[in-house]
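What follows draws every value from the coordinates through simple rules; no lab data is involved. All values reported here derive from a predicted model rather than from experimental measurement. Don't worry about glycine lacking a Cβ; one is built from the backbone with ideal geometry, like all the others, and counts go over all protein chains shown.
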Amino acid sequence: MLAQALVIAGKDLEIEWRSRATAVRVVPFAGVLVLLFAIALDPDRGVLPRVAPGLFWLAVVLAGLLAIGRAVAVERDNDAGAGLVASGLDPAAMFLGKAAAIAVELLALEALVAAAMAALYDVGVAATDAWLLVATSALATAGIAAAGTLYGAVAGGDRSHDSLLAVLLLPVLLPVVLAGTRLFEAATQGDAAGGDIAWLGLLAVFAALYGGVGALAFGPLLEEG
Amino acid sequence: MFLAGTPAVELQAVVATIDGFPVLAGVDVRIEPGEVVLVSGPNGAGKTSLLRVLAGSLPVAAGSARVLGHDLRADRHGHRSRVAFVSQQTCCYDDLSVRRNLRLHAAAANAPAQAVAAAMRTLRLDDVAEVAHGRLSTGYRRRCALAVGMTRHADLLLLDEPHAGLDPEARMLVDDVVGEARDRGATVVLVSHELDHARPLVDREVVVAGGCVTARI
């Protein structure tokens, strides 16, 4: 199954590389969000550094919706995804492969959003606290990718799948946004060691839960979609 | 388990519905291994629904259905790695090349490595091997769909209107696909309105109308 998952992840990343669809839509959208947040909250008032962790995860989740929607769309076009499963591909491998590819795209997106916020919002992290940023990003990204792949399959069969995906997924990702914000606050305020590390546990449970449910449910969802 | 002497397809009084509407209303069909069978009939007769039942993509609501020895009422997906269903959809990714798409399907089906090259040769796709599927004409997309079905080396090949969208020269390629499957000993069921092209390819014909088999020729 792992080998098949790697094939699917490679396929999705190759599609993204060839089409640049995510790069030309998601990255500019995330950039506009970061800029709008900065203008709306007025950089001169000193609010931005304090709210930057929450804005970071909002920007990632909202822009990530576009990447997830695109990943779902390529499977629906020409019945390509259902065709591969019909060819004998393990649906669980397809789920894991797609989630892995989305995670790679989200991590790249997060790096760009973080760089933009560091420049515009005047926030930074001490080297000793960077581990918390990395651990939070890894777990939150895994959760967003797993839940996004699962709900993308749920919404895939609906004509208004893009709006349905947003309606279904955004409330589900609330724990990720909350935990990610709390942990990033601890890291940016130089309190990684004293932060409430239980939020990391919540992110790990979220990722494991949606990873497991998605692997089991993806096949039937693809068939019905 | 698929034992020698077991029919490739054995449907008895099969009923299938879509959104509560019966699309098959008591179909009886028996097809032996290695047979090539044409399913004909008017639009809306249930021909494509019959192929979907055989492929496992449409559930059996009533009756008995065994395909390649597999009971579809117990599990309609268990046989799918041995069945290739070539529908009007190509099952290919628009942004990937023809060769890459076929390799994906071959990998998913655990088909031999040479299957891709053989399918591309048979369907004369070598000239567009590195062209993205989304840039192909309708005719080449149909060839791609046939190549996907051929690449899988399935025991049961289901072809839904294989001649549709092909120019007169390319229609001859369908003969080669069916011939290759026949040479391997695979069973082929094809639905076609183009009876002049289809009839010379098959061993016998089943006529479907109103969701039932009305004649066997």
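Annotations
- In the protein assembly as shown, a dipole from Cβ-located charges (positive for Lys and Arg, negative for Asp and Glu) runs towards its positive end, and of B:Ser40, B:Leu96, A:Ile197 it is B:Ser40 whose Cα lies farthest in that direction.
- Taking Cβ atoms as reference points and 14 Å as the exclusive limit, the residues near B:Glu130 contribute a net charge of +1, counting Lys and Arg as +1 and Asp and Glu as -1.
- Taking GluC sites (Glu not before Pro) across segment B:132-204, the ones in a DSSP loop with at most 15 further Cβ atoms lying within 10 angstrom of their Cβ are B:Glu194.
- Under the Debye formula (equal points on every Cα, no solvent term), log10 I(q)/I(0) of segment B:118-201 at q = 0.10, 0.11, 0.16, 0.25 Å⁻¹: -0.22, -0.27, -0.57, -1.34
- Alpha-carbon centroid distance for the pair segment B:41-92 / segment B:15-30, whole angstrom: 11 Å
- Length available on full extension from A:Arg45 to A:Val32: 0.36 nm per residue minus the Cα-Cα distance, which gives 2.6 nm.
- When the Gaussian network model of chain A links Cα atoms closer than 10 Å, the mean-square fluctuations of A:Gly156, A:Gly201, A:Gly180 top out at A:Gly201.
- Entry note, chain B: the mean residue ellipticity at 222 nm calculated from DSSP H runs of n ≥ 4, each adding -39500 (n - 2.57), is -9000 deg cm²/dmol after division by the residues and rounding to the nearest 500.
- Helices assigned as whole DSSP H runs in chain B whose Cα atoms extend at least 15 Å along their own long axis and whose mean Kyte-Doolittle hydropathy is -1.0 or higher are found at B:98-108, B:138-151, B:168-184.
- Surrounding net charge for B:Gly63, when Lys and Arg each add one and Asp and Glu each subtract one, Cβ distance under 14 Å: +1
- Three-way shape call for segment B:39-102 based on the alpha-carbon gyration tensor, with the a/c threshold at 1.5: oblate
- Candidates A:Ala59, A:Ala71, A:Ala127: whichever shows maximal mean-square fluctuation once chain A is modelled as a Gaussian network with Cα springs under 10 Å: A:Ala127
- Per residue of peptide B:92-103, the mean number of Cβ atoms on other chains within 10 Å of the residue Cβ is 5.
- Counting all C-alpha pairs of chain B, share separated by more than 25 Å (%): 36 percent
- Take the Cβ atoms of A:Leu6 and B:Ala13, set R0 to 60 Å, and the FRET efficiency comes out at 0.85.
- Taking the longest Cα principal axis of chain A as reference, the axis of helix A:2-19 is set at about 70 degrees.
- Gaussian network model of chain B, springs between alpha carbon atoms under 10 Å - residue of B:Gly134, B:Gly20, B:Gly34 with greatest fluctuation: B:Gly20
- Cα centroid separation - segment A:3-31 against segment B:105-157, whole Å: 24 Å
- The mean number of partner chain beta-carbon atoms within 10 angstrom of a residue's beta-carbon across peptide A:70-83 is 5.
- Total charge dipole magnitude, segment B:40-96, about the Cα centre, Cβ charges on Lys, Arg, Asp, Glu only, Debye to nearest 20: 300 debye
- Contact order for chain B, expressed relative to its length and based on alpha carbon pairs under 8 Å spaced 6+ residues apart, stands at 29 percent.
- Whether the protein assembly as shown is rounded, prolate or oblate, judged on the alpha carbon gyration tensor where a/c under 1.5 counts as rounded: prolate
- DSSP bridge orientation in the protein assembly as shown - percent antiparallel, rounded to nearest 5: 55 percent
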